Structures are given as C-alpha cells and as structure tokens.
Amino acid sequence: MRLECPGAPHLSYCTNIHPAERWVEVRDNLERYVTAVKRFVAPERPFGVGLRLSALAAEELGEARNIERLAGFLEDRGLYVFTMNGFPYGRFHGSRVKEAVYRPDWQEDARVVYSNRLADVLVRLLPSSVAEGTISTVPGCFAPRATKPGAVEAMALGIAHHAAHLRRLREKTGKRIVLALEPEPFCHIETSAQAAAFIARYVVSDAGRAAFCQLTGLTGDHAEEVLREHVGVCLDLCHMAVVYEDLDDALGHLASVGIRVAKVQLSAGLEMSPADALDGALSDLARFADDTYLHQVFEAGANGKSRRWLDLGEALASTSGVAPPRPWRVHFHVPLFQRRYGRLDGTQAYVEAMLARIARTQVAPHLEVETYTWDVLPAELRCMSVVDAVTRELRWVQGEIERAARTQA
C-alpha cells in the first residue's frame, strides 16, 4: 500500500515469515494470511506484497500457466507485488538454517540463475502503476568465503550478469527491477559503507563494468549509469543497529557516492544493557538462542572497538555467567510494536529514527516489515496469531510516520 509521505513509498511485510517452498504453498499463504492482513490495514485499497519465493517456487513459476494463475489470484484479491526477498534460496523454516542461508552466494552460478528467475516473475507481476520492482539479496557472501583469491571479483561478475538480465527485461517490458544488496553482520558486506565501496569499486567499475559492457554492448559512463539504476542496497534496520551504524552518516554517505537505497527492511533487534545484565538479563537472553537462525552479537566497545560473536550461544558461553561490562546488541528480529522483552530492550528507537526521516524526505521507494522469527520467539511472545501480529506491526509503522509528520508540521 502507498503511504502519504514524501515519495509515497510502498509498505508491506515480507512473506518469508510463512513457511513455503512450493509455489502452491506460497499461494495458499497469500490466501490464508496476506488477504487477512489486507482486510485489517487496507480494506478499501490495493495492498502490496513483499513476496519471498524459494528457488524451487521461482522455477515452478517459470511455467506460463502458473504465473498467469498467480497474477490472476493477486488481481482478484486486490493484491500486488512490488518487492521480493531473494535472500534465502532454500528452506527457511523448521530446520537448521544458520550460515547456510548465504549459499549459494554471488560467487556461484546458482545465485545468478535464481535471481534471474525472481526478476522474471517480478516483472510479470509488477503493476504498471508501480515505477520499479526490487529484489533484496545476500551481501555478496559469508565473510570467510570472500578471503580466497578472486572471490570479490567473482561476486561482481555474477552481479554484472544479473544486471545485464535486468537490462534486457527493461528493454523488453519497460519495467525496471533493482537488485538490492543487504548488508548483514559477519558477511563480506557488513555495513552500508562496505556496500557502497563494493558497488563503486567492483560493480560499476573494474571487473563488473567490463563484464556488463561485454554482455550489453554499452560503453563507459553509460554502462555505469545503467548499473547504478539496477544495483543498489537494502537497509535492514536490525542489522544496522546491531553493528552500531550511525543512521544519518550511513544515509549521507550512500547519497554522496550515488548509491541507491532501493529498499528498507523495518526490523528491530535485541539490546542488553550492563545494568540489566547484572539484574539477570542473561537468562532472558538465553531464551532467544535457537537452533534455526544465526543471531550475531556485537558488544559496544571503547574507542570504537567492539567484541563480536557469530551466534548468541557463543556470546553467552563467553560470559561464564558474568554480566558483560558494555551493552550487547543481538541480531534477532523482534516485534516492532514491543519495546521491552523481560529484562531486555529492543532497538525500536533506531526504527523510529528512520521512520522520522521517511516522514520528511524520500529515503527509499519500498518499505518492508521483516519479523521472520515468529515461530522461534519465546512462548509468551507467540500469544497472538501471525495475522494479528503483522497487523499490529504495520499499524505501528503507519502510526510512527504519522506522529513524526505531525511533530514536524
């Protein structure tokens, strides 16, 4: 749905919160959950969908009859797709995901094929009233895989091949699709500054641009211009808060180097203060350690240096039950509408700061709520239905933007 703020961005939630690997399961989730959310938040107007398709579902939707059925289904129910989550390739619920979520990465042909298929689906579903579609994706690769010689250049080459596919789709349909790299802790691209540096050095120049020129027949500055139109970033606010990125600095830097913010994922993480840790918050935090997802932990450090752990279990084990001396932030997506979780805080203030910016200036065309952890939250946080929870999140976002707009008026 469109919001009444600068740039009139589209807002929805990501369907990666609903387990689905086949396209028929995706359709069933749209019928069961998304249409129900629409009835509560946008009963009289079109409701946008942040669609997640596995590699298998994307392949199945390559069949004309399946994509036609999905397009008809969406139209009949007042739904439209404007963005896709192309981050998790395979199964995302019910079994161990952890660092496997980054594979295949942008060094591997399978990631290019998958992303191309997503773009093919999105360009078919994107309504003419929406200027462009976006696909968020893995931040290059899991950091250890970027250390081998030629790894970074290989990622740029894969992105160039996908960008050439996006260029061909635009020439054929007139619709623009943007690939949005999503920085995440412990990945090759961990921050917005690293995303900007990677795109500027390797994608729009050097190996990436050379490959793109060869694939498209474009040359020089024109090739760079087209690449910048088709490759940008997705800012996940939980990720940014966990690594202690300054929001104003991040947005200012991206703008100064001409890197597009194509999409913002509205998400909040956990925070534990030393005082709360002394009061027993470590035991509260331990209840969020699950066997499905990675929950990276960063400790605010003196002189800008911080300790970090790949997963929450490792961080907890390092304390030996002794409260850490400085705050911790944890990559665990928690409900946007709640600020306190026992003796733990959420990073909702970071989300509010972004929404205040969105209320006064155009930040990104697409906004997506992405609390995908409903099935692994502690039991007391799963006391409402997913439909009710998502509805509350979307209403909270709308309310914060409206409140910020009133304050600035």
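So the values come out like this:
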quantity: The lone exception for ARG360 - which of (1) over 19 Å from the mean Cα position of the chain (by Cα); (2) within 20 Å of CYS5 (Cβ to Cβ); (3) free of Cβ contacts under 8 Å to residues at least 12 places away in the same chain it fails; calculated: (3)
quantity: Elements of type strands (runs of 3 or more DSSP E) contained in the range 305-409, each with 2 or more residues being at pLDDT 95 or above, closer than 17 Å to GLY269 by Cβ and in contact with a Leu (Cβ under 6 Å, 6 or more places away or on another chain); calculated: 328-334
quantity: Filter pass, LEU336 being farther than 22 Å from GLU400 by Cα and either in contact with a Gly (Cβ under 6 Å, 6 or more places away or on another chain) or in contact (Cβ under 8 Å) with a residue 12 or more places away in the chain (or both); calculated: no
quantity: In the range 57-115, residue farthest from the chain's Cα centre (by Cα) [restricted to those that are of a type in the set (D, E, K, R) and more than 28 Å from LEU235 (Cα to Cα)]; calculated: ARG65
quantity: VAL334 vs. criteria over 15 Å from GLU393 (Cα atoms), within 16 Å of the chain's Cα centre (by Cα) and β-branched (Val, Ile, Thr); calculated: no
quantity: Residues located in the range 233-260, provided they are without any contact (Cβ under 8 Å) to a residue 60 or more places away in the chain and surrounded by 24 or more Cβ atoms within 10 Å (Cβ to Cβ); calculated: VAL233
quantity: Residues of the range 37-59 satisfying the condition of being part of a helix (DSSP H, G or I) and either free of Cβ contacts under 8 Å to residues at least 24 places away in the same chain or more than 24 Å from GLU4 (Cβ to Cβ) (or both); calculated: ARG39, ALA55, LEU56, ALA57, ALA58, GLU59
quantity: Hits in the range 77-106 - residues which are in contact with an Asp or Glu (Cβ under 8 Å, 6 or more places away or on another chain) and in a strand (DSSP E or B); calculated: THR83, ASN85
quantity: Any pair with Cβ under 8 angstrom, 6 or more apart, that starts in the range 271-289 at a residue that is part of a loop (DSSP other than H, G, I, E, B) and ends at one that is of a type in the set (Val, Ile, Thr); calculated: PHE288/VAL330
quantity: Residue tally, condition over 20 Å from HIS366 (Cβ atoms) and in a loop (DSSP other than H, G, I, E, B), over the range 156-191; calculated: 5
quantity: Positions within the range 274-326 being of a type outside the set (A, V, I, L, M, F, W, C) and in contact with a strand residue (DSSP E or B) (Cβ under 7 Å, 6 or more places away or on another chain), in sequence order; calculated: ASP276, ASP284, HIS295, GLN296, GLU299, GLY301, SER306, ARG307, ARG308, SER318, PRO324, ARG326
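The values are calculated or read from the model by the stated rules, or taken from the named source; none is laboratory data. What you see is a predicted model; the values in this text were computed from it and never measured. All Cβ positions, glycine included, derive from the backbone under ideal geometry; neighbour counts span all protein chains shown.
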